[in-house]
Amino acid sequence: MSDFHKPVKRPGDVIEMMASSGDPAELSGLAHDTAAALLNRVRKAPDQQVVDRVIAFADGEGLEDLAELWADSPASSLPGAMWRLYLLRHAVREAPSAAGYRFKRGVEVDTVGQAIAGSGSAPSPEEVVDLATEILRGAFTGDFAVALERAAAFARVMAGGSRELISGNGDPQRVADEWRRLEGYDSVSAELTTAAALWRSGELH
């Protein structure tokens, strides 16, 4: 993994090459192969700095590469689940204050989700970002199913926060925006819950 930032070909280059071949099966295979290879290789690496680099990879343009590889994969697949883990962290990292407030409101109405996610009772925006990073890190260092379940709970708390922010809000545009977030977080929560069950039964590929 020492050359993680220097692949022979960028994922986007590989996608472009395969897309020109017109074979969707090859693209799907690439998505599954890269997700499995990344997960397995990092989990076997003794150096925790490897995990840090893999997580940080998506903080720059790497997220676009991962999107090209994984975003179109079914939610019930390994690349689809990996994509949702990265995307969840990205969403809160990009707007920590708003995400922190949304999560804090969600904690007020979903203490079960809070407990599963592993959050304190009144997290700061920085703590919410740290929690999302910790959950993603757990996918590479701990029980993958547990990481998926924690991420699902995290998304459920975020959905609860959106629901609270909608209540009593008189601004139609803000309500519409928050509804979209609510639906997105609800979907991700359900999808990650299913992915965790599939992983436990050996059916997440």
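A compact table of results
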| item | result |
| --- | --- |
| Flag for residue 188 being under 17 Å from residue 100 (Cβ atoms) and crowded, with 18+ Cβ neighbours inside 10 Å | no |
| Counted residues, the stretch 87-125 - those being among the aliphatic types (A, V, I, L, M), open to solvent by 20 Å² or more (accessible area, probe 1.4 Å) and either at positive phi or not in a loop (DSSP other than H, G, I, E, B) (or both) | 7 |
| Any hit, the stretch 143-155, residues being open to solvent by 30 Å² or more (accessible area, probe 1.4 Å), out of contact with any helix residue (DSSP H, G or I) (no Cβ under 8 Å at 6 or more places or on another chain) and modelled with pLDDT under 95 | no |
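The values are calculated or read from the model by the stated rules, or taken from the named source; none is laboratory data. Everything numeric in this text was worked out from a predicted model, so none of it was measured. Using ideal geometry, Cβ is built from the backbone for each residue, glycine included, and neighbour counts are taken over all protein chains shown. Areas reflect the complete protein model, heavy atoms only, side chains present, ligands, DNA and RNA absent. Shrake-Rupley method; radii C 1.70, N 1.55, O 1.52, S 1.80 Å.
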